[in-house]
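Here's the structure, in structure tokens; my notes come after.
The values are calculated or read from the model by the stated rules, or taken from the named source; none is laboratory data. All figures in this text were calculated on a predicted structure; none of them were measured in a lab. Note that each Cβ is placed from the backbone with ideal geometry, even for glycine, and that neighbours are counted across all protein chains shown. These area figures cover heavy atoms from the full protein model, side chains too; ligands, DNA and RNA do not enter into them. Shrake-Rupley method; radii C 1.70, N 1.55, O 1.52, S 1.80 Å.
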Amino acid sequence: MDRRTFLRQSGAIASAAVTALAFPSIAKAYNRKPTIKVLGTHVTLQETIRVQAEKDLGINIQFFPGGDAEVLLKAATDPRSFDIYEQWSDSIKVLWMADAIQPIRTSKLHYWREINELSKTGRLTAAASIGLGDAPHRILYFQPNGSLGSTPADVISFLPYVHNTDSFGYNAAVIPKGIPYETESWGWLLDNRYAGKVAIVNAPTIGIFDLALAAQAQGLMTFNDMGNMSRAEIDALFEIVIAKKRLGHFRGVWSSVPNSIEWMANGEVILSSMFSPAVSALNGRGVPCIYAAPKEGYRAWHGVMCLSSETQGEREEAAYAFMNWWLSGWPGAFIARQGYYISNPQRSKAFMSQAEWDYWYDGKPAAEPLLGTDNKIAVRPGDVRTGGSYIKRFENVAIWNTVMANYEYSLMKWSEFLLA
């Protein structure tokens, strides 16, 4: 798909009448409102989303947000604790190996055919770099031998929904503003100029790649395949970053988006692994946080919505209703206001102003003040989204959040890093 095709499809579907989904048949069939439990992180498990979903669907929804490592451990060890799990694609292999999730039938997904090529093939355009590691299509489909792979099938491991390209945020009041794709570099995370004021996300399948990209950008080491590091490469990487940590280079590691926001807001940190909602929130609070477009490429992620292996009957039907609701238009527009993309953006366009679409998806200067999900001004007139358009950002992916073959060994080294 090229840019022209993408925009033409977006306009065609967005112009169609879009109505809110409701599923009263579920409640009628069981003579009561079913209740589903959704386990995930703070970035999508927001109260505004829960309230709107309950209103549209006519079901009860309970959100259980937590830190990345915390919720993944809970889901992998107790599939009865959730009906739907939503996090990042690097959680899929862990959940699948733990038998914590069941296949999702595409025949029950109303908008499956609208989901774009990024989720299904790994790229939006022919010019795009798919990136190393677990690109979403590589772990999307259930294969006949029971593994996960890229060969299309009628059953999938997750519903592709929100996604983004991640990097690091920096306080432009302290660090001079760089040039996207030219001077901004992952190497800044290990730059001695920022010693004591750097933070890393506390997630082994995410933070390890931020550190790896930084070490390689600084010329401290290279990798044969960063998306599947050998034990020797993992050892070498952690020797570098543990030495840095013992010298006081890192302020610390953060485990939740609110944590990352507070550290930069109060000045403890000026440079940090960061997620888009944190950058939007900081800008809304008057902190000039810039989300870098590293010249080495982004670390990308794809949101996954999984169905518990223990969910069945009325809760399974309600869970499918919730998954379908997420792609029905309003949720994608809402989440765009914190910088996230949805896998069928054309349906959300009808729920966004032209100024919002132009800024968030097309990378154009904001024509007016734009609100974030907290209803505070997150974008000011004339601002341009760092990294440009949706297509531009996903043409520059270096690596995806990934569970490597040496995942368990990397967990041990990550623990050493935390304790150093």
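So which lysines can K364 reach, going by Cα to Cα under 17 Å and dropping same-chain residues fewer than 8 places off? K364 reaches K349, K392.
In the chain, the longest principal axis of the Cα atoms and the axis of helix 313-326 are about 60 degrees apart.
Packing order of peptides 38-44, 282-288, highest average first: 38-44, 282-288 (average count of other Cβ atoms within 10 Å over each peptide's residues). Of the peptides 267-278, 122-133, 249-260, 367-378, the ranking by mean beta-carbon count within 10 Å, highest at the top, reads 267-278, 249-260, 122-133, 367-378.
The distance separating the Cα centre of the stretch 386-418 from that of the stretch 285-339 comes to 17 Å.
Hey, any idea what the orientation-averaged projected area of the convex hull of the stretch 95-231's Cα atoms comes to, in nm²? Please list the in-between numbers first.
On the way: hull surface 46.4 nm².
The Cα convex hull of the stretch 95-231, projected and averaged over all directions, gives 11.6 nm².
In the stretch 163-292, the portion of solvent-accessible area held by carbon and sulfur atoms comes to 50 percent [1.4 Å probe, whole percent, DNA, RNA and ligands not counted]. Think of the chain as having a plus end and a minus end, set by charges on the Cβ of Lys, Arg, Asp and Glu; of A195, G388, W263, G388 sits farthest toward the positive end of this dipole.
Over the C-alpha trace of the stretch 269-420, radius of gyration and Dmax come out as 18.3, 51 angstrom. With a cut-off of 15 Å on the backbone N, the residues of the stretch 94-131 near the modelled label site 7 Å out from S147 along Cα-Cβ are 97.
Over the stretch 289-420, what is the mean sequence separation of C-alpha contacts under 8 Å (at least six apart), divided by residue count, expressed as relative contact order in percent?
26
Over all pairs of different C-alpha atoms in the stretch 171-315, the reciprocal of the mean inverse distance, the Kirkwood hydrodynamic radius, equals 16.5 Å. Partners of K93 within straight-line reach, counting lysines whose Cα lies under 16 Å from its Cα and excluding those fewer than 8 residues away in the same chain: K74. Considering only beta bridges that DSSP places wholly inside the chain, some 60 percent are antiparallel. Shown here is the pair-distance distribution of the chain: with all Cα-Cα distances grouped in 20 Å bins from zero up to the longest one, the shares run 27, 60, 13, 0 percent. The charge dipole of the stretch 226-377, taken about its Cα centre with unit charges on the Cβ atoms of Lys, Arg (+1), Asp and Glu (-1) only, comes to about 460 debye. Placing unit charges on the Cβ atoms only, positive for Lys and Arg and negative for Asp and Glu, gives the chain a dipole magnitude near 660 debye about its Cα centre. The residues packed around K413, meaning those with a beta-carbon under 13 Å from its beta-carbon, carry a net charge of -3 if Lys and Arg are +1 and Asp and Glu are -1. In terms of the mean number of neighbouring beta-carbon atoms within 10 Å, the peptides 292-302, 58-68 order highest first as 292-302, 58-68. Inter-part distance, the stretch 91-121 to the stretch 246-264, computed on C-alpha centroids, equals 33 Å. Note on K244: lysines with a C-alpha under 25 Å away, same-chain residues under 8 apart excluded, are K177, K197, K295, K413.
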